[in-house]
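Report on the structure given below.
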Amino acid sequence: MPRCDYGTRLPSRADPTRALAPAQPGSSSSSSSSSSSDSGNEDWKMSLPASLRGASPFLLFRLILSANAWRLEPHVRQQHGLSFAFLCAESIRLLRDRVENEGGDIGVRDETISAVATLAGIEHERGNTKMLRMHLEGLKRMVNIRGGLNAIRENNPMVANSVFWAFAVALYEAPYPNLDAELPPFFPNEHDLALPSPAVVSIFQDFGPIHEEPPPLDLTESGVNPGIAVIVNSIQHVSQLVPTASAYPTASTSMVILTRMCTLLSHLLSLPRARLYPEIDTNATLAEAALISESVRFATLLHVFTPWRGLPPDGTLAINHILHQLMASLKQLLANATSRNNTVLLWMLTVGGVSAGQTPERAWFVSHLVELTEELNISNWEGMKSHVRRVIWHERLCENSHQKLWEEVMTKRRELDDGMGVNTT
(Lines give C-alpha, C1' and ligand atoms only; values in the text may rest on other atoms or scores of the structure.)
Protein backbone atom coordinates (compact mmCIF):
# COMPACT_ATOMS: atom_id res chain seq x y z
CA MET A 1 0.00 0.00 0.00
CA PRO A 2 1.51 3.39 -0.99
CA ARG A 3 2.13 5.90 1.75
CA CYS A 4 1.75 9.66 1.93
CA ASP A 5 4.46 11.85 3.47
CA TYR A 6 2.45 14.16 5.74
CA GLY A 7 5.41 14.99 7.94
CA THR A 8 7.88 16.90 5.79
CA ARG A 9 6.07 18.22 2.72
CA LEU A 10 3.24 20.20 4.31
CA PRO A 11 3.73 23.93 4.92
CA SER A 12 4.62 24.97 8.45
CA ARG A 13 1.45 27.02 8.58
CA ALA A 14 -1.29 28.15 6.25
CA ASP A 15 -0.76 31.45 4.44
CA PRO A 16 -3.55 33.73 5.76
CA THR A 17 -3.29 35.96 2.68
CA ARG A 18 -4.27 33.12 0.34
CA ALA A 19 -7.82 31.93 -0.10
CA LEU A 20 -8.29 28.27 0.78
CA ALA A 21 -10.72 27.70 -2.06
CA PRO A 22 -10.65 24.79 -4.50
CA ALA A 23 -8.43 25.32 -7.53
CA GLN A 24 -10.42 26.05 -10.67
CA PRO A 25 -9.88 24.24 -13.97
CA GLY A 26 -7.35 26.17 -16.00
CA SER A 27 -5.60 27.69 -12.98
CA SER A 28 -1.92 27.13 -12.37
CA SER A 29 -2.53 24.54 -9.66
CA SER A 30 -4.97 22.71 -11.89
CA SER A 31 -2.46 22.76 -14.74
CA SER A 32 0.37 21.43 -12.60
CA SER A 33 -1.90 18.71 -11.29
CA SER A 34 -2.88 17.89 -14.85
CA SER A 35 0.71 17.34 -15.93
CA SER A 36 1.47 15.14 -12.94
CA SER A 37 -1.65 12.99 -13.00
CA ASP A 38 -3.19 12.92 -16.49
CA SER A 39 -0.47 10.74 -17.97
CA GLY A 40 -1.24 7.87 -15.65
CA ASN A 41 -4.99 8.32 -15.56
CA GLU A 42 -6.11 7.17 -19.01
CA ASP A 43 -6.82 3.60 -17.90
CA TRP A 44 -8.53 4.93 -14.79
CA LYS A 45 -10.74 7.27 -16.83
CA MET A 46 -11.85 4.40 -19.05
CA SER A 47 -12.86 2.40 -15.98
CA LEU A 48 -15.17 5.19 -14.82
CA PRO A 49 -18.81 5.46 -15.85
CA ALA A 50 -19.17 7.46 -19.07
CA SER A 51 -20.63 10.41 -17.18
CA LEU A 52 -17.39 10.85 -15.22
CA ARG A 53 -14.88 10.56 -18.06
CA GLY A 54 -13.15 13.76 -19.08
CA ALA A 55 -13.49 15.26 -15.60
CA SER A 56 -10.75 17.59 -14.43
CA PRO A 57 -7.87 16.10 -12.40
CA PHE A 58 -9.14 17.94 -9.33
CA LEU A 59 -12.62 16.52 -9.77
CA LEU A 60 -11.15 13.08 -10.35
CA PHE A 61 -9.34 13.48 -7.04
CA ARG A 62 -12.64 13.92 -5.27
CA LEU A 63 -14.47 11.29 -7.32
CA ILE A 64 -11.84 8.64 -6.63
CA LEU A 65 -12.15 9.26 -2.92
CA SER A 66 -15.93 9.08 -3.17
CA ALA A 67 -15.67 5.84 -5.13
CA ASN A 68 -13.74 4.31 -2.24
CA ALA A 69 -16.94 4.40 -0.24
CA TRP A 70 -18.37 1.90 -2.71
CA ARG A 71 -15.72 -0.70 -1.99
CA LEU A 72 -18.18 -3.08 -0.36
CA GLU A 73 -20.78 -2.80 -3.10
CA PRO A 74 -20.27 -5.83 -5.38
CA HIS A 75 -22.75 -4.64 -8.00
CA VAL A 76 -20.70 -1.46 -8.56
CA ARG A 77 -17.54 -3.45 -9.14
CA GLN A 78 -19.39 -5.79 -11.48
CA GLN A 79 -21.01 -2.99 -13.46
CA HIS A 80 -18.03 -0.65 -13.79
CA GLY A 81 -15.09 -2.96 -13.15
CA LEU A 82 -13.95 -0.87 -10.18
CA SER A 83 -11.20 -2.48 -8.10
CA PHE A 84 -10.85 -1.40 -4.47
CA ALA A 85 -7.09 -1.98 -4.48
CA PHE A 86 -6.76 0.17 -7.60
CA LEU A 87 -9.06 2.88 -6.25
CA CYS A 88 -7.17 3.03 -2.97
CA ALA A 89 -3.79 3.19 -4.70
CA GLU A 90 -5.03 5.97 -6.99
CA SER A 91 -6.44 7.88 -4.05
CA ILE A 92 -3.13 7.78 -2.19
CA ARG A 93 -1.22 8.72 -5.35
CA LEU A 94 -3.41 11.75 -6.04
CA LEU A 95 -3.35 12.75 -2.39
CA ARG A 96 0.43 12.45 -2.33
CA ASP A 97 0.56 14.66 -5.42
CA ARG A 98 -1.32 17.40 -3.57
CA VAL A 99 0.61 17.09 -0.33
CA GLU A 100 4.13 16.54 -1.64
CA ASN A 101 4.31 18.14 -5.08
CA GLU A 102 1.91 21.06 -5.45
CA GLY A 103 3.23 23.09 -2.51
CA GLY A 104 1.72 26.15 -0.86
CA ASP A 105 -1.56 25.79 0.99
CA ILE A 106 -3.06 23.22 -1.39
CA GLY A 107 -2.04 20.39 0.94
CA VAL A 108 -4.16 21.77 3.80
CA ARG A 109 -7.21 23.01 1.95
CA ASP A 110 -10.65 21.84 3.02
CA GLU A 111 -10.95 19.26 0.23
CA THR A 112 -7.56 17.73 1.09
CA ILE A 113 -8.40 17.54 4.79
CA SER A 114 -11.76 15.98 3.97
CA ALA A 115 -10.02 13.44 1.74
CA VAL A 116 -7.63 12.41 4.51
CA ALA A 117 -10.51 12.07 6.99
CA THR A 118 -12.30 9.87 4.44
CA LEU A 119 -9.25 7.67 3.96
CA ALA A 120 -8.84 7.36 7.74
CA GLY A 121 -12.44 6.18 7.97
CA ILE A 122 -11.88 3.63 5.21
CA GLU A 123 -8.78 2.19 6.88
CA HIS A 124 -10.65 2.06 10.20
CA GLU A 125 -13.38 -0.06 8.64
CA ARG A 126 -10.82 -2.25 6.86
CA GLY A 127 -9.03 -2.86 10.16
CA ASN A 128 -5.75 -1.50 8.78
CA THR A 129 -4.49 0.14 11.97
CA LYS A 130 -1.08 1.01 10.50
CA MET A 131 -2.59 3.10 7.70
CA LEU A 132 -5.24 4.46 10.06
CA ARG A 133 -2.56 5.85 12.38
CA MET A 134 -0.70 7.35 9.42
CA HIS A 135 -3.77 9.22 8.16
CA LEU A 136 -4.73 10.39 11.67
CA GLU A 137 -1.24 11.79 12.22
CA GLY A 138 -1.43 13.58 8.90
CA LEU A 139 -4.90 14.86 9.72
CA LYS A 140 -3.74 16.19 13.08
CA ARG A 141 -0.83 17.98 11.44
CA MET A 142 -3.12 19.53 8.81
CA VAL A 143 -5.56 20.79 11.44
CA ASN A 144 -2.73 22.36 13.42
CA ILE A 145 -1.39 24.09 10.31
CA ARG A 146 -4.84 25.51 9.61
CA GLY A 147 -4.97 27.03 13.08
CA GLY A 148 -7.12 24.43 14.84
CA LEU A 149 -10.39 22.63 14.23
CA ASN A 150 -12.52 25.69 14.97
CA ALA A 151 -10.77 27.64 12.21
CA ILE A 152 -11.87 24.93 9.79
CA ARG A 153 -15.32 24.82 11.39
CA GLU A 154 -15.91 28.52 10.78
CA ASN A 155 -15.14 28.08 7.09
CA ASN A 156 -16.63 24.64 6.43
CA PRO A 157 -18.58 23.00 9.29
CA MET A 158 -19.08 19.69 7.50
CA VAL A 159 -15.34 19.21 7.00
CA ALA A 160 -14.78 19.93 10.70
CA ASN A 161 -17.49 17.40 11.60
CA SER A 162 -15.84 14.74 9.43
CA VAL A 163 -12.47 15.42 11.09
CA PHE A 164 -14.06 15.07 14.53
CA TRP A 165 -15.72 11.77 13.61
CA ALA A 166 -12.55 10.35 12.03
CA PHE A 167 -10.76 10.78 15.36
CA ALA A 168 -13.79 9.73 17.43
CA VAL A 169 -14.30 6.36 15.73
CA ALA A 170 -10.59 5.60 16.21
CA LEU A 171 -10.56 6.14 19.99
CA TYR A 172 -9.84 2.43 20.46
CA GLU A 173 -6.53 2.90 18.60
CA ALA A 174 -5.40 6.49 19.23
CA PRO A 175 -6.26 9.02 21.96
CA TYR A 176 -8.34 11.97 20.87
CA PRO A 177 -6.07 14.96 20.16
CA ASN A 178 -6.60 18.31 21.84
CA LEU A 179 -8.67 19.76 18.99
CA ASP A 180 -11.05 21.91 21.06
CA ALA A 181 -9.31 22.90 24.27
CA GLU A 182 -11.60 25.93 24.48
CA LEU A 183 -15.32 25.67 23.83
CA PRO A 184 -16.26 28.16 21.09
CA PRO A 185 -19.21 30.43 21.96
CA PHE A 186 -22.58 29.67 20.42
CA PHE A 187 -25.53 32.04 19.96
CA PRO A 188 -28.64 30.19 18.73
CA ASN A 189 -30.44 33.39 17.75
CA GLU A 190 -27.76 34.05 15.11
CA HIS A 191 -28.99 30.90 13.37
CA ASP A 192 -32.73 31.56 13.83
CA LEU A 193 -32.85 28.95 16.58
CA ALA A 194 -34.37 29.24 20.04
CA LEU A 195 -35.63 27.16 22.92
CA PRO A 196 -39.37 26.68 22.44
CA SER A 197 -41.89 28.22 24.76
CA PRO A 198 -43.36 26.50 26.63
CA ALA A 199 -40.29 24.32 27.12
CA VAL A 200 -40.41 20.79 25.73
CA VAL A 201 -38.14 17.79 26.09
CA SER A 202 -36.76 17.84 22.55
CA ILE A 203 -37.60 18.70 18.97
CA PHE A 204 -39.23 15.27 18.73
CA GLN A 205 -41.64 15.83 21.59
CA ASP A 206 -44.76 15.33 19.45
CA PHE A 207 -43.73 11.74 18.71
CA GLY A 208 -43.33 10.72 22.34
CA PRO A 209 -45.60 10.47 25.40
CA ILE A 210 -46.53 13.79 26.95
CA HIS A 211 -45.03 14.41 30.38
CA GLU A 212 -44.02 17.29 32.57
CA GLU A 213 -40.44 18.48 32.30
CA PRO A 214 -38.59 17.46 35.51
CA PRO A 215 -36.39 19.97 37.30
CA PRO A 216 -32.84 19.80 35.88
CA LEU A 217 -30.17 18.25 38.03
CA ASP A 218 -27.23 20.34 39.22
CA LEU A 219 -24.39 17.96 38.41
CA THR A 220 -21.81 20.01 40.28
CA GLU A 221 -23.64 19.21 43.56
CA SER A 222 -22.80 15.56 42.90
CA GLY A 223 -19.13 16.42 42.46
CA VAL A 224 -19.02 16.59 38.65
CA ASN A 225 -16.33 18.84 37.24
CA PRO A 226 -17.96 22.15 36.19
CA GLY A 227 -16.41 21.94 32.71
CA ILE A 228 -18.01 18.53 32.12
CA ALA A 229 -21.31 19.62 33.73
CA VAL A 230 -21.52 22.53 31.27
CA ILE A 231 -21.18 20.14 28.33
CA VAL A 232 -23.91 17.85 29.67
CA ASN A 233 -26.31 20.77 30.11
CA SER A 234 -25.41 22.17 26.69
CA ILE A 235 -26.12 18.85 24.96
CA GLN A 236 -29.56 18.82 26.54
CA HIS A 237 -30.19 22.42 25.49
CA VAL A 238 -28.96 21.96 21.92
CA SER A 239 -31.32 19.03 21.47
CA GLN A 240 -34.22 21.32 22.37
CA LEU A 241 -33.44 24.01 19.83
CA VAL A 242 -36.06 24.52 17.14
CA PRO A 243 -36.21 26.94 14.21
CA THR A 244 -37.98 30.16 15.09
CA ALA A 245 -39.61 30.52 11.67
CA SER A 246 -40.86 27.00 10.96
CA ALA A 247 -42.25 23.98 12.76
CA TYR A 248 -39.42 21.57 11.93
CA PRO A 249 -35.67 21.92 11.33
CA THR A 250 -34.44 22.71 7.83
CA ALA A 251 -31.26 21.31 6.32
CA SER A 252 -29.33 24.42 7.33
CA THR A 253 -30.57 24.49 10.92
CA SER A 254 -29.98 20.75 11.24
CA MET A 255 -26.39 21.35 10.15
CA VAL A 256 -26.01 24.05 12.82
CA ILE A 257 -27.33 21.68 15.50
CA LEU A 258 -25.15 18.77 14.31
CA THR A 259 -22.06 20.98 14.19
CA ARG A 260 -22.67 22.31 17.68
CA MET A 261 -23.17 18.76 18.98
CA CYS A 262 -19.88 17.65 17.39
CA THR A 263 -18.17 20.73 18.85
CA LEU A 264 -19.44 19.94 22.35
CA LEU A 265 -18.28 16.32 22.11
CA SER A 266 -14.91 17.36 20.70
CA HIS A 267 -14.43 19.72 23.63
CA LEU A 268 -15.50 16.98 26.06
CA LEU A 269 -12.90 14.64 24.56
CA SER A 270 -10.26 17.39 24.63
CA LEU A 271 -10.62 18.12 28.35
CA PRO A 272 -7.78 16.76 30.52
CA ARG A 273 -8.45 13.34 31.99
CA ALA A 274 -8.97 13.15 35.74
CA ARG A 275 -7.04 10.78 37.98
CA LEU A 276 -8.80 7.47 38.58
CA TYR A 277 -6.76 6.07 41.46
CA PRO A 278 -8.62 6.86 44.70
CA GLU A 279 -6.74 4.18 46.63
CA ILE A 280 -3.51 6.21 46.34
CA ASP A 281 -5.07 9.67 46.54
CA THR A 282 -4.72 11.31 49.94
CA ASN A 283 -7.83 13.43 49.36
CA ALA A 284 -10.77 11.00 49.19
CA THR A 285 -13.28 13.72 48.26
CA LEU A 286 -11.24 14.85 45.27
CA ALA A 287 -10.69 11.24 44.22
CA GLU A 288 -14.42 10.52 44.28
CA ALA A 289 -15.19 13.72 42.37
CA ALA A 290 -12.66 12.68 39.71
CA LEU A 291 -14.31 9.27 39.39
CA ILE A 292 -17.79 10.79 39.07
CA SER A 293 -16.57 13.34 36.53
CA GLU A 294 -14.86 10.77 34.34
CA SER A 295 -17.86 8.44 34.57
CA VAL A 296 -20.19 11.25 33.50
CA ARG A 297 -17.83 12.04 30.62
CA PHE A 298 -17.93 8.43 29.40
CA ALA A 299 -21.69 8.13 29.85
CA THR A 300 -22.33 11.39 27.97
CA LEU A 301 -20.23 10.20 25.03
CA LEU A 302 -22.11 6.90 25.00
CA HIS A 303 -25.48 8.64 25.19
CA VAL A 304 -24.77 10.56 21.97
CA PHE A 305 -22.63 8.00 20.12
CA THR A 306 -24.87 4.96 20.60
CA PRO A 307 -27.66 6.11 18.23
CA TRP A 308 -24.93 6.75 15.64
CA ARG A 309 -23.74 3.15 15.82
CA GLY A 310 -23.57 1.63 12.34
CA LEU A 311 -23.28 4.93 10.48
CA PRO A 312 -20.19 4.97 8.24
CA PRO A 313 -17.51 4.98 9.38
CA ASP A 314 -18.92 2.73 12.10
CA GLY A 315 -18.15 3.80 15.66
CA THR A 316 -18.98 0.47 17.32
CA LEU A 317 -15.37 -0.24 18.33
CA ALA A 318 -15.02 3.21 19.90
CA ILE A 319 -18.38 2.79 21.68
CA ASN A 320 -17.27 -0.54 23.13
CA HIS A 321 -13.96 1.02 24.19
CA ILE A 322 -15.76 3.85 26.02
CA LEU A 323 -18.22 1.36 27.53
CA HIS A 324 -15.41 -0.57 29.19
CA GLN A 325 -13.88 2.65 30.47
CA LEU A 326 -17.26 3.52 31.99
CA MET A 327 -17.49 0.09 33.62
CA ALA A 328 -13.99 0.43 35.12
CA SER A 329 -14.74 3.81 36.72
CA LEU A 330 -18.23 2.77 37.87
CA LYS A 331 -16.81 -0.28 39.65
CA GLN A 332 -14.77 2.04 41.84
CA LEU A 333 -17.74 4.33 42.44
CA LEU A 334 -20.02 1.44 43.35
CA ALA A 335 -17.50 0.26 45.91
CA ASN A 336 -17.91 3.56 47.76
CA ALA A 337 -21.13 3.57 49.76
CA THR A 338 -21.31 7.38 49.90
CA SER A 339 -21.70 7.70 46.13
CA ARG A 340 -24.33 5.02 45.57
CA ASN A 341 -27.68 6.63 46.25
CA ASN A 342 -27.92 9.35 43.66
CA THR A 343 -29.64 10.07 40.37
CA VAL A 344 -26.38 10.62 38.49
CA LEU A 345 -25.19 7.08 39.20
CA LEU A 346 -28.59 5.69 38.19
CA TRP A 347 -28.44 7.60 34.89
CA MET A 348 -24.90 6.42 34.14
CA LEU A 349 -25.79 2.76 34.76
CA THR A 350 -28.85 3.15 32.55
CA VAL A 351 -26.88 4.74 29.71
CA GLY A 352 -24.30 1.97 29.97
CA GLY A 353 -26.95 -0.73 29.88
CA VAL A 354 -28.59 0.77 26.80
CA SER A 355 -25.24 1.25 25.04
CA ALA A 356 -24.24 -2.35 25.77
CA GLY A 357 -27.04 -3.56 23.50
CA GLN A 358 -27.10 -7.35 23.36
CA THR A 359 -23.52 -7.84 24.56
CA PRO A 360 -22.70 -9.73 27.78
CA GLU A 361 -21.80 -6.40 29.41
CA ARG A 362 -25.50 -5.53 29.52
CA ALA A 363 -26.04 -8.12 32.27
CA TRP A 364 -23.48 -6.32 34.45
CA PHE A 365 -25.39 -3.05 34.20
CA VAL A 366 -28.72 -4.80 34.80
CA SER A 367 -27.43 -6.49 37.95
CA HIS A 368 -26.22 -3.20 39.43
CA LEU A 369 -29.44 -1.45 38.43
CA VAL A 370 -31.32 -4.15 40.35
CA GLU A 371 -29.41 -3.22 43.51
CA LEU A 372 -29.61 0.53 43.04
CA THR A 373 -33.30 0.71 42.13
CA GLU A 374 -34.14 -1.34 45.20
CA GLU A 375 -32.05 0.99 47.39
CA LEU A 376 -33.81 4.02 45.86
CA ASN A 377 -37.26 2.37 46.24
CA ILE A 378 -38.01 2.63 42.52
CA SER A 379 -40.76 0.19 41.62
CA ASN A 380 -42.14 1.30 38.23
CA TRP A 381 -41.06 2.81 34.94
CA GLU A 382 -42.44 6.28 35.66
CA GLY A 383 -40.41 6.40 38.86
CA MET A 384 -37.30 5.32 37.00
CA LYS A 385 -37.93 7.83 34.23
CA SER A 386 -38.39 10.68 36.71
CA HIS A 387 -34.77 10.12 37.75
CA VAL A 388 -32.90 9.46 34.52
CA ARG A 389 -34.54 12.24 32.50
CA ARG A 390 -33.11 14.85 34.87
CA VAL A 391 -29.61 14.49 33.37
CA ILE A 392 -29.86 14.09 29.57
CA TRP A 393 -33.09 12.92 28.04
CA HIS A 394 -34.38 12.89 24.45
CA GLU A 395 -37.88 11.49 24.40
CA ARG A 396 -37.84 9.95 20.95
CA LEU A 397 -34.39 8.39 21.35
CA CYS A 398 -34.62 7.30 24.98
CA GLU A 399 -38.18 6.18 25.74
CA ASN A 400 -38.25 2.74 24.10
CA SER A 401 -34.63 1.69 24.71
CA HIS A 402 -34.61 2.81 28.34
CA GLN A 403 -38.00 1.27 29.11
CA LYS A 404 -36.85 -2.05 27.61
CA LEU A 405 -33.83 -1.99 29.92
CA TRP A 406 -36.10 -1.22 32.88
CA GLU A 407 -38.25 -4.25 32.05
CA GLU A 408 -35.13 -6.41 32.12
CA VAL A 409 -34.22 -4.95 35.51
CA MET A 410 -37.68 -5.75 36.88
CA THR A 411 -37.54 -9.28 35.45
CA LYS A 412 -34.23 -9.84 37.22
CA ARG A 413 -35.60 -8.39 40.46
CA ARG A 414 -38.60 -10.75 40.35
CA GLU A 415 -36.31 -13.64 39.49
CA LEU A 416 -34.15 -12.97 42.54
CA ASP A 417 -37.16 -12.31 44.79
CA ASP A 418 -38.61 -15.69 43.78
CA GLY A 419 -35.62 -17.42 45.33
CA MET A 420 -33.63 -18.04 42.16
CA GLY A 421 -30.84 -15.88 43.51
CA VAL A 422 -28.56 -17.27 46.21
CA ASN A 423 -27.86 -15.05 49.23
CA THR A 424 -24.62 -16.15 50.87
CA THR A 425 -24.61 -13.52 53.66
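Restricting to the range 377-393, count the residues that are surrounded by 14 or more Cβ atoms within 10 Å (Cβ to Cβ) and more than 21 Å from VAL224 (Cα to Cα).
Residues of the range 377-393 that are surrounded by 14 or more Cβ atoms within 10 Å (Cβ to Cβ), as a first pass: 378, 381, 384-393.
After this cut, where a residue has to be more than 21 Å from VAL224 (Cα to Cα) as well, the list is 378, 381, 384-385.
Going through the range 377-393 one residue at a time, the tally reaches 4.
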Looking at the range 149-199, which of its residues are touching a Lys or Arg at 6+ places or on another chain (Cβ under 9 Å) and small (Gly, Ala, Ser)?
-> ALA160, ALA170, ALA174
For the range 124-141, does any single residue satisfy the condition of being within 21 Å of VAL99 (Cβ to Cβ), within 16 Å of the chain's Cα centre (by Cα), modelled with pLDDT of 95 or more and surrounded by fewer than 18 Cβ atoms within 10 Å (Cβ to Cβ)?
-> no
Would you mind finding the one in VAL296, VAL370, VAL366, VAL354 that is touching a helix residue (DSSP H, G or I) at 6+ places or on another chain (Cβ under 9 Å), modelled with pLDDT of 95 or more and either surrounded by 23 or more Cβ atoms within 10 Å (Cβ to Cβ) or outside the structural domain of GLU407 (by TED's automatic domain parsing) (or both)?
-> VAL296
Failed condition for LEU119, given (1) crowded, with 18+ Cβ neighbours inside 10 Å; (2) modelled with pLDDT under 85 = (2)
State which residue pairs qualify: first residue within 18 Å of VAL354 (Cα to Cα) and inside the range 373-385, second residue surrounded by 13 or more Cβ atoms within 10 Å (Cβ to Cβ) and basic (Lys, Arg) in any location, beta carbons under 7 Å apart, and separation of 6 or more residues or different chains.
-> none
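The values are calculated or read from the model by the stated rules, or taken from the named source; none is laboratory data. Every value quoted in this text rests on a predicted model; they were computed, and no experiment measured them. Note that each Cβ is placed from the backbone with ideal geometry, even for glycine, and that neighbours are counted across all protein chains shown.
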